[in-house]
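Working notes, beginning with the structure itself.
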Amino acid sequence: MRKIVTTSWDDGNKLDLKLLNLLNKYNLKGTFYIPKNLELKSLTGQEIKLIAETQEIGAHTLNHPNLTSLVSDEEIKREIKGSKDFLEQFLGREIKMFAYPGGKFDFRTKQAVKEAGFIAARTTREFEFGISQDKFEFATTIHVYPFPFRKRDKDHYYFSRFLFQPLQNSFFQILKLKLPKRSFFSWHNLSQALFDCFLKEGGVYHLWGHSWEIEKYDMWDDLETVFKYMANRSECQYLTNGQSLEQTNL
């Protein structure tokens, strides 16, 4: 079975440039989902063009709203189609992929993404190695996020019911996939165990995240460890999100 490795990165933060350098260092591919308006630390136009030289750019709405909370269908369409038009006019190329802000979507938002002319849309669903028959519910394998315990920042944990939230969210999936016990102890152990599972079973290994979260939780070293582990496997294809979907003929 074909083995495809892809990554994706949301929100268009300045720290995406650090991700870009790491991806290029290990010959990995990814899709950067960039909203038009989000925050002061957003990428400049020239920085977006720099990323587009070696990686894929995807749309992520104009203003990064929870699309399912918008009342007007016209507002949903404006956020989605407007983000595609903005990036295409700016970059002078087709924008094929869309990511739902916060992973929030419903029938209306999916329909608007289809009507806007995207080939697919990425969700935040995890622990999957395949591509759903519904290409507008493109899932992921693992999120770059503190594990097994939730953190406030790089030095402090949530000493409350939230402390065990990452472990609780993943516990039964780890058991279902029969991953080794070491998977429970750290994010990079879990990521590598999932990658080993993917190598045996085939499909798509899809790592995703936000550069600002990687910085907030001081996960750059962990991420590079996983990138090294993923890279340069002769049996794998390293593709962007859009290429992954095109290669699987969906």
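The values are calculated or read from the model by the stated rules, or taken from the named source; none is laboratory data. Predicted, not measured: the structure shown is a model, and the values here were computed from it. Virtual Cβ from ideal backbone geometry, glycine too; neighbours counted across all protein chains shown. We work out accessible area using only protein heavy atoms, side chains counted, and drop any ligands, DNA or RNA first. Shrake-Rupley method; radii C 1.70, N 1.55, O 1.52, S 1.80 Å.
The residues of the range 33-65 that are in contact with a helix residue (DSSP H, G or I) (Cβ under 6 Å, 6 or more places away or on another chain) and either aromatic (Phe, Trp, Tyr) or exposed (fewer than 15 other Cβ atoms within 10 Å of the Cβ) (or both) amount to a single one, Thr54.
Residues in the range 124-141 that are in a loop (DSSP other than H, G, I, E, B) and within 15 Å of the chain's Cα centre (by Cα): Thr124, Arg125, Glu126, Phe127, Glu128, Phe129, Gly130, Ile131, Ala139, Thr140, Thr141. Here is a check on your reading of the model: is Phe185 exposed (fewer than 14 other Cβ atoms within 10 Å of the Cβ) and without any contact (Cβ under 8 Å) to a residue 12 or more places away in the chain? Judged against the criteria, Phe185 is not a match. Do we find a residue being closer than 29 Å to Trp220 by Cβ, over 15 Å from the mean Cα position of the chain (by Cα) and either open to solvent by less than 10 Å² (accessible area, probe 1.4 Å) or not charged (D, E, K, R) (or both) anywhere in the range 93-109? Checking the range 93-109: at least one residue is closer than 29 Å to Trp220 by Cβ, over 15 Å from the mean Cα position of the chain (by Cα) and either open to solvent by less than 10 Å² (accessible area, probe 1.4 Å) or not charged (D, E, K, R) (or both). When Leu23 is tested against (1) open to solvent by 10 Å² or more (accessible area, probe 1.4 Å); (2) in contact with a Gly (Cβ under 7 Å, 6 or more places away or on another chain), just one condition goes unmet, and that condition is (1). Could you please give the count of residues in the range 111-126 that are crowded, with 19+ Cβ neighbours inside 10 Å and touching a residue at least 60 places away in the same chain (Cβ under 8 Å)? Number of matching residues: 3. Applying the criterion of being among the aliphatic types (A, V, I, L, M) and touching a Phe, Trp or Tyr at 6+ places or on another chain (Cβ under 8 Å) to the residues of the range 21-57, the residue that is nearest to Tyr100 (Cα to Cα) is Ile57.
Tally the residues that are in a helix (DSSP H, G or I), modelled with pLDDT of 95 or more and open to solvent by 70 Å² or more (accessible area, probe 1.4 Å), restricting the search to the range 230-250. Selection size over the range 230-250: 1. Annotation: of all residues in the range 142-166 being part of a helix (DSSP H, G or I) and open to solvent by less than 40 Å² (accessible area, probe 1.4 Å), the one that is farthest from Asn189 (Cα to Cα) is Leu163.
Among the candidates Leu190, Leu179, the residue that is closer than 17 Å to Thr140 by Cβ, open to solvent by less than 10 Å² (accessible area, probe 1.4 Å) and either modelled with pLDDT of 95 or more or outside any helix (DSSP H, G or I) (or both) is uniquely Leu190. Consider the range 73-123 and keep the residues that are aromatic (Phe, Trp, Tyr) and part of a helix (DSSP H, G or I). The one that is farthest from Glu47 (Cα to Cα) is Phe107.
Scanning the range 129-138 for residues that are over 17 Å from Phe107 (Cβ atoms) and crowded, with 19+ Cβ neighbours inside 10 Å yields a count of 2.
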